[in-house]
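First the structure, in the form of structure tokens, and then the observations on it.
The values are calculated or read from the model by the stated rules, or taken from the named source; none is laboratory data. Keep in mind that what you see is a predicted model, and the values were worked out from it rather than measured. Every residue, glycine as well, gets a Cβ built from its backbone with ideal geometry; the counts of neighbours run over all protein chains shown. Only protein heavy atoms, including side chains, enter the accessible area calculation; ligands, DNA and RNA are left aside. Shrake-Rupley method; radii C 1.70, N 1.55, O 1.52, S 1.80 Å.
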Amino acid sequence: MIYDKLYDYQKKIVDSRIDYESHALFMDMGTGKTITSLALFEQSKLKKILVICIVSKKEDWYNELNTLCNINATILDKGTNKNKELLKNKSNGYIVSFESCWRLDKDLLDIIDEDWFIIIDESHKIKNTKSKIGKFVNKLRLKTYAKCILTGTPQNQGYIDYYNQLRFIDVFMMKEVDFKRRYCEYELMSFNGRYVNQLKGYKYTQELDEIINNNCIFFKRDVNDDSIPTDIYIDIDKHKSYDLFKKNKVFGDIIGDSMASHRMGLRQLCSGFIKDIPVNNNKINWVKDFLDTYDQRVVIFYNFNMELYALEEACKSLKRPYSIYNGSQKDLTEFKRHTDSIVLCNYASASLGLNDLVLSNVCIMFSPTDDYINFTQSRKRIDRIGQTKKPLFYYLKTKNSIEGAIYNSLKSGKNFDDKMFEKYLLEN
């Protein structure tokens, strides 16, 4: 049973939901939302499941369903027409992204009934009732009573963000206009010569709090939890040019005719570029998804300027405040000022003598350094005296690439040098 694999606090959560058909798990990152939701699915006694999630989590959900629930789910990631064909096949499980599900509107609605359990991972993405996904889930919610929403960040604008999420699990049954009329306070504001109603606050907040707290599970990480860091390796798909450059040492006009240039080119291709030429950057897509679902401070270590440029563009597109700490920029003002800020750190410059990074307990290694000391010291910027939370390290590792060899070398306490590179080429 999945229940037997849970930690005690997760068992308490599942036990507290035994009389409910639908659930809201608003749990901190790293506290086990996925396995807890699947234990609730197990408790429901239903055999069919639909998971809606961000693109980068589809494979994770597939593996969890396979391992924990013995369900060989179908991932709907083949394009709309092919996905529609896949839905015609009988399956006990489907996994689909937010971007794809509303395109399968009628087809999904036709197969879902009261025998299905629906999980929406990162449910804050459905809070906008006017968005395509927001409209779709309001039709989907009528198909079954058994539903579960998961997110560590249910709201950032106040109570209004809860409305569509909790409507999906049948808590708020009133129309949005009625919710706003009862609980929201507006004032007329002038914009470009015209007046519009602007949300200025809420009323009957005690009533709202009671409704939300009675129907949602909030679980925060214990700041006195075990201080041993958690290392999480994220496998990233490589670009097809990687294997070609590894074999032929050629990419357009770029030639890896020396060991140094060959090695450098492979490392760069893992991060979505070579020299100043961009290729498909799967790491950036993962970072964007992560930052879109996590609203606290994050430290990101990088090696190359092209990585920095891509990370800056990601922060700008997500409207996240950020600081840069490298050889030419050493200003942490934004990182210290905003609780949702990002700091982009070059290994060589930021791995030693920088104490302010302890403001965050989450660190992403965008690519591995080949220097063991820089690697060890960069971790110590987070995992040090003054850290009040469990450090979480995310290592983005391009699958079947030089990065796996680099991380293995670093974990054994060695620099990744020319001898290590030669060994990697011989063995791969």
Fill in the blank from the handout: The answer for trypsin sites (Lys or Arg not before Pro) in region 3-64 that fall in a DSSP coil and have at most 15 neighbouring Cβ atoms within 10 Å is Lys45, Lys47
Problem - Computed helical MRE - 222 nm, the chain, DSSP H runs ≥ 4 contributing -39500 (n - 2.57), nearest 500 - result: -11500 deg cm²/dmol
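What do you reckon, how do His124, His338 stack up by accessible area (1.4 Å probe), largest on top?
Working: His124 20, His338 60 Å².
Result of the area sort, largest leading: His338, His124.
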Exercise for the section: Identify the trypsin sites (Lys or Arg not before Pro) of region 114-152 meeting these criteria: DSSP loop state and at most 14 other C-beta atoms within 10 Å of the C-beta. Expected result: Lys130
Handout entry: Pairwise label distance in nanometres, Lys84 with Asp295, each label 7 Å out on the Cα-Cβ vector
Key = 3.7
Completion exercise
Given unit charges at Cβ for Lys, Arg (+) and Asp, Glu (-), the dipole magnitude of the chain about its Cα centre in debye, nearest 20, is 680
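Can you tell me, using C-alpha contacts under 8 Å and at least 6 residues apart, the relative contact order of region 241-375 as a whole percent?
On the way: 187 pairs, mean separation 30.4, N = 135.
About 23 percent, as a whole number.
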Handout entry: Other-chain or far-sequence residues with amide H under 5 Å of Tyr233's (modelled H)
Key = Tyr395
Handout entry: Using alpha-carbon coordinates, inclination of helix 402-411 to the longest axis of the chain, degrees
Key = 90
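Find how much the distance from Tyr195 to Glu114 grows on full extension, using 0.36 nm per residue of separation minus their present alpha carbon separation; answer in nm with one decimal.
On the way: separation 81, 0.36 × 81 = 29.16 nm, distance 4.57 nm.
Result: 24.6 nm gained on full extension.
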Problem - Table column - 3J(HN,Hα) (Hz), region 319-328, Karplus curve with 6.51, -1.76, 1.60, x for Gly and Pro - result: 6, 9, x, 8, 10, 10, 10, 8, x, 10
Practice task
State, as an integer percentage, the relative contact order of the chain based on alpha-carbon contacts under 8 Å between residues 6 or more apart.
Solution key: 13
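To the nearest 20 Debye, how big is the dipole of region 18-60 about its Cα centre, given +1 on the beta carbon of each Lys and Arg and -1 on that of each Asp and Glu? Write down the numbers at each step before the final one.
On the way: 6 positive and 6 negative charges, 42 e Å.
With only Lys, Arg, Asp and Glu charged at Cβ, the dipole is about 200 debye.
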Fill in the blank from the handout: Residue by residue through region 13-26, the couplings from Karplus 6.51 cos²θ - 1.76 cosθ + 1.60 with θ = phi - 60°, in Hz, x for Gly and Pro, are 5, 4, 4, 6, 9, 4, 9, 10, 8, 10, 9, 10, 9, 9
Handout entry: Of all accessible heavy-atom area on region 304-428, the percent that carbon and sulfur account for (1.4 Å)
Key = 47
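What number, in percent, do you get for the relative contact order of region 17-137 if the mean sequence gap of Cα pairs under 8 Å and at least 6 apart is divided by its residue count?
On the way: 141 pairs, mean separation 35.5, N = 121.
Answer for region 17-137 is 29 percent.
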Problem - Where the chain is the region considered: accessible area per residue in Å², 1.4 Å probe - result: 50
